[in-house]
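These notes concern the structure reproduced below.
The values are calculated or read from the model by the stated rules, or taken from the named source; none is laboratory data. What you see is a predicted model; the values in this text were computed from it and never measured. Methodologically, a virtual Cβ is constructed for each residue, glycine included, from the backbone with ideal geometry; neighbour enumeration extends over all protein chains shown. Note: areas computed on protein heavy atoms with side chains; ligands, DNA, RNA excluded. Shrake-Rupley method; radii C 1.70, N 1.55, O 1.52, S 1.80 Å.
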Amino acid sequence: MNKNIVRDEIRKFVKAKFGKDSTGHDFEHMARVARWADKIAEDEGADRFLCEVAGWLHDVGDPKLFVNPETAMAERTQLLQGLLFTDENIDHINGAIETVSFSKGKKPMTLMGEIVQDADRLDAIGAVGIARTFAYGGARDQPVYNPDDKKGHSIGHFEEKLLKLCELMNTDSGKLEAEHRHAFMVEFLKEFNREQNKKYSIEENGYD
């Protein structure tokens, strides 16, 4: 297997699926998750190439992004078969992808699953995560902020999910990067509240 050729084919596949996405689940999101999966795998002693591949493909079949998730997942498996991945490796990749989602609440059962989940969660926090949050909210017609509603606006998403992710990381290297990004988000929220002239303080919720 020529890994460079395989990467090129996977990139083409991902570009076709996500090249026009405006929700923050675009081609560059997949590329960042793949790069961080590779980096964390190197730190944690896992198979870097398989983790990278799972990173590239982790959102293929996500129900919030695909009208027919089952069809997309079948296409993902067909792609890997066509690129001559073994059945065992395909099962490992698909298994890791199955446990990535925050909303599903699944704990990965393999090191690869932990790594890909961490890589995806890293891209949901920090500076990139902030940008993606507002991109997703805009694409879903959500306001930036609504003081009369705990949910349904982009700022509310920080407390609903993003500020929880640092404590949920699986790997040591993932936790280290998450701590840096978490701190940046907290500073962003403090400044957002200051500019709103709000009495609410992020520290009141234990996220300082």
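Descriptive notes on the structure:
- Cβ separations smaller than 8 Å between residues 6+ apart or across chains give the following pairs from region 167-181 residues that are farther than 15 Å from MET112 by Cβ and part of a helix (DSSP H, G or I) to residues that are of a type in the set (Gly, Ala, Ser) and open to solvent by less than 30 Å² (accessible area, probe 1.4 Å): HIS180/GLY126; ARG181/GLY126; ARG181/GLY129.
- Checking the stated criteria, THR71 turns out to be over 20 Å from the mean Cα position of the chain (by Cα), β-branched (Val, Ile, Thr) and not in a loop (DSSP other than H, G, I, E, B).
Conditions tested, residue by residue: (1) open to solvent by less than 30 Å² (accessible area, probe 1.4 Å); (2) modelled with pLDDT of 90 or more.
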site: PRO147; (1), (2): no, no
site: HIS153; (1), (2): yes, yes
site: HIS157; (1), (2): no, yes
site: LEU163; (1), (2): yes, yes
site: ASN170; (1), (2): yes, yes
site: GLY174; (1), (2): yes, yes
site: TYR200; (1), (2): no, no
site: ASP208; (1), (2): no, no
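- Exclusive hit being at pLDDT 95 or above and either in contact with a strand residue (DSSP E or B) (Cβ under 8 Å, 6 or more places away or on another chain) or not acidic (Asp, Glu) (or both), set PHE184, PHE192: PHE184
- Restricting attention to region 74-89, the residues being open to solvent by less than 50 Å² (accessible area, probe 1.4 Å), over 17 Å from ALA46 (Cβ atoms) and assigned to a helix (DSSP H, G or I) number 5.
- Scanning region 95-112 for residues that are open to solvent by less than 60 Å² (accessible area, probe 1.4 Å), farther than 20 Å from ALA31 by Cβ and in a helix (DSSP H, G or I) yields a single hit, GLY95.
- Filtered residues of region 113-145 (kept if part of a loop (DSSP other than H, G, I, E, B) and either at negative phi or open to solvent by less than 60 Å² (accessible area, probe 1.4 Å) (or both)): ASP123, ALA124, ILE125, ARG140, GLN142, PRO143, VAL144, TYR145
- Any hit, region 39-49, residues being more than 30 Å from GLU187 (Cα to Cα), in contact with a helix residue (DSSP H, G or I) (Cβ under 9 Å, 6 or more places away or on another chain), assigned to a loop (DSSP other than H, G, I, E, B) and open to solvent by 30 Å² or more (accessible area, probe 1.4 Å): yes
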